[in-house]
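The next block holds one structure in the form of structure tokens; read it before the comments.
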Amino acid sequence: MTQPQAGTLTVFGYGSVRAAPDLIVLTIGVECRASTVGLAYDRAGRSVTALTAALREDGVPGADIATGMLSVRSDTAWQDGTSRVIGYIATSTLTVTLAAAADPARPAPSEVVAHAVAAGGDDARLGGLRHTFADRERLLTRARDAAWDNALDKARQYARRAARELGPVLEITEHTAAPPPAQPAEPGGIRMVAASAPAPVPIESGETEITATLRATWQLK
């Protein structure tokens with residue numbers, strides 16, 4: 001009886017897990033204009049200090065507050081066909097990590113943001129936020145398990161259709177994609193006018209999908 005020729009079978013497996021993010025990473029800062037570099041820098045320092053104090057008063061630990069950008073640049077305008085320096089702009093941003101889950105002992109994330117904006121006054125800028133996970137690896141493990149089960153089901157189906165049996169696994173390659181880089185806050189970001197104590201804007205975390213993809217090769221018997 002003729003033995004089947006040796007061969008291999010390669011398939012891709014896909015897996016995903018959906019979960020509600022438990023962390024919110026917020027970019028918030030200040031943008032201050034003044035006639036000199038020193039005045040602009042000093043004003044930015046005072047505004048950031050007030051903003052940081054508001055965050056700490058709302059229970060945000062120092063380890064979750066990090067300076068993301070600090071700069072001073074000239075403010076120019078066209079006058080008589082020539083670009084002239086009319087002042088200076090000092091910008092400072094903070095990256096703040098907040099727990100997404102409600103905690104009765106602490107203000108909600110939306111309230112933390114509102115209080116920080118109020119403390120920053122007219123200099124406050126919001127650069128955006130993103131939702132993430134404290135233990136992303138645990139979710140990736142579940143997605144990888146689902147990807148393997150998907151690949152194995154496919155391999156068994158193809159082997160059965162080809163009247164063959166799966167032998168040992170020869171190769172497994174995980175296909176990963178790097179997450180998009182975090183975008184720094186733009187100096188001209190959303191300006192928050194806080195003179196009248198802004199009402200909190202609701203922040204909804206929803207669900208995020210974590211995915212895994214792999215390529216697996218079996219020996220065919």
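The values are calculated or read from the model by the stated rules, or taken from the named source; none is laboratory data. Because the structure is predicted, anything quoted here is derived from the model rather than measured. With ideal geometry, Cβ positions are generated from the backbone for all residues, glycine too; neighbour counts draw on all protein chains shown. Accessible surface areas use protein heavy atoms only, side chains included; no ligands, DNA or RNA. Shrake-Rupley method; radii C 1.70, N 1.55, O 1.52, S 1.80 Å.
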Legend entry - Thr10 paired with Arg46, simple spin-label distance in nm, labels 7 Å along Cα-to-beta-carbon: 6.6 nm
Inset, instruction - Within the set of other residues whose C-beta is less than 12 Å from the C-beta of Val112, count the net charge using Lys and Arg as +1 and Asp and Glu as -1. - result: -3
Inset, instruction - May I ask you to give the solvent-accessible area per residue for the chain, in square angstrom, as obtained with a 1.4 angstrom probe? - result: 60 Å²
Inset, instruction - Just the number, please: carbon plus sulfur as a percent of the accessible area of the chain, 1.4 Å probe, no ligands or DNA/RNA counted. - result: 52 percent
Inset, instruction - Tell me the label-point distance for the pair Ala20, Glu204, using the 7 Å Cα-to-Cβ offset, in nm and rounded to one decimal. - result: 1.3 nm
Legend entry - Distance histogram for the stretch 25-139 (every C-alpha pair counted, 10 angstrom bins, percent rounded to whole numbers): 14, 39, 26, 14, 6, 2, 0
Legend entry - Under the Karplus curve 6.51 cos²θ - 1.76 cosθ + 1.60, θ = phi - 60°, whole-Hz ³J(HN,Hα) for the stretch 122-136, x wherever Gly or Pro sits: 5, 7, 5, 9, 9, x, x, 8, 9, 9, 8, 10, 6, 10, 5
Inset, instruction - Give the accessible area for Lys221 in Å² (nearest 10); use a 1.4 Å probe, count only protein heavy atoms, and leave out ligands, DNA and RNA. - result: 120 Å²
Legend entry - Cα-only radius of gyration and Dmax that characterise the stretch 70-136, units Å: 18.3, 59
Inset, instruction - Taking just the C-alpha trace of the chain, give me its Rg and Dmax in Å. - result: 26.7, 95
Inset, instruction - With a Förster radius of 30 Å, plug the Cβ-Cβ distance of Thr76 and Asp122 into 1/(1 + (r/R0)^6) and report the FRET value to the nearest 0.05. - result: 0.90
Legend entry - Residue-averaged [θ]222 nm for the chain, counting only DSSP H segments that reach four residues, each worth -39500 (n - 2.57): -9000 deg cm²/dmol
